[in-house]
Amino acid sequence: MNKRFLFPILLMTTACSGDYLQSSVNSASVLDYHLQLVQPPQGIGAREAGTVEEQKTATFIENTFKTHGYHTTKQTFTFGEEKLTSSNIIADKYQDNRPTVILAAHYDSTSADVGSLGATDNGAGVAAMLAIAGNVINKIPSHYNVRFIAFGAEE
């Protein structure tokens, strides 16, 4: 593995050892985010690419990152023959050229037509990412950046 990439990973792993690891991600917050994403009527439910539900999810994710204190960027794009619209949501602690560790998950889902709400595709990954983002915002070493990316229209 390239040393340039290994050092930031080791730094984050070291920073997450001991008591910090045990308390860093609150399982209740992961469950709360998960329910907000996938459990109607309170949550969004299925988030097929290009739908209103996917757009609601992008807004939810962007607002959550902002609430945690991150700088956000929304990359909107079109895809497919129908020219549907989706977005990638990017959240950074710092907006400069510091070495960066990236954590990402896609937020759209499939199989709404057979009753899937996207709990594992990829509601669980997004919920974990949002909880981690909230728990590490004030623990990121100042000489590194952490970037979170929520990809739309991954499917």
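The values are calculated or read from the model by the stated rules, or taken from the named source; none is laboratory data. Only a predicted model underlies this, so the values are computations on that prediction, with no experimental measurement involved. Cβ: placed from backbone, ideal geometry, glycine included. Neighbour counts: every protein chain shown. Just so you know, the surface numbers come from the protein's heavy atoms only, side chains and all, with ligands and any DNA or RNA stripped out. Shrake-Rupley method; radii C 1.70, N 1.55, O 1.52, S 1.80 Å.
Kindly evaluate A105 against the criterion of being of a type in the set (A, V, I, L, M, F, W, C), at negative phi, in contact with a helix residue (DSSP H, G or I) (Cβ under 9 Å, 6 or more places away or on another chain) and buried (at least 17 other Cβ atoms within 10 Å of the Cβ).
On the way: of a type in the set (A, V, I, L, M, F, W, C): yes; at negative phi: yes; in contact with a helix residue (DSSP H, G or I) (Cβ under 9 Å, 6 or more places away or on another chain): yes; buried (at least 17 other Cβ atoms within 10 Å of the Cβ): yes.
The answer is yes for A105.
Go through the range 26-85 and count every residue that is of a type in the set (D, E, K, R) and in contact with a Phe, Trp or Tyr (Cβ under 8 Å, 6 or more places away or on another chain).
We begin by selecting, within the range 26-85, every residue of a type in the set (D, E, K, R); these are 32, 47-48, 53-54, 56, 62, 66, 74, 81-83.
Checking which are in contact with a Phe, Trp or Tyr (Cβ under 8 Å, 6 or more places away or on another chain) leaves us with 47, 54.
Total meeting the criteria: 2.
Considering only residues that are touching a strand residue (DSSP E or B) at 6+ places or on another chain (Cβ under 6 Å) and of a type in the set (K, R), which ones fall in the range 95-142?
R98
Before we move on, is K93 surrounded by fewer than 20 Cβ atoms within 10 Å (Cβ to Cβ), over 11 Å from the mean Cα position of the chain (by Cα) and basic (K, R)? Walk me through how you get there before you give the answer.
Values: surrounded by fewer than 20 Cβ atoms within 10 Å (Cβ to Cβ): no; over 11 Å from the mean Cα position of the chain (by Cα): yes; basic (K, R): yes.
No: the conditions fail for K93.
May I ask you to list the residues in the range 108-155 that are touching a Leu at 6+ places or on another chain (Cβ under 9 Å), open to solvent by 10 Å² or more (accessible area, probe 1.4 Å) and aromatic (F, W, Y)?
Listed by number, the list holds a single entry, Y144.
Of everything in the range 24-81 that's at pLDDT below 95 and hydroxyl-bearing (S, T, Y), which residue is nearest to the chain's Cα centre (by Cα)?
Out of the qualifying residues, it is S29.
Confirm whether R47 is of a type in the set (D, E, K, R) and in contact with a Gly (Cβ under 6 Å, 6 or more places away or on another chain).
On the way: of a type in the set (D, E, K, R): yes; in contact with a Gly (Cβ under 6 Å, 6 or more places away or on another chain): yes.
When the stated conditions are applied, R47 passes them.
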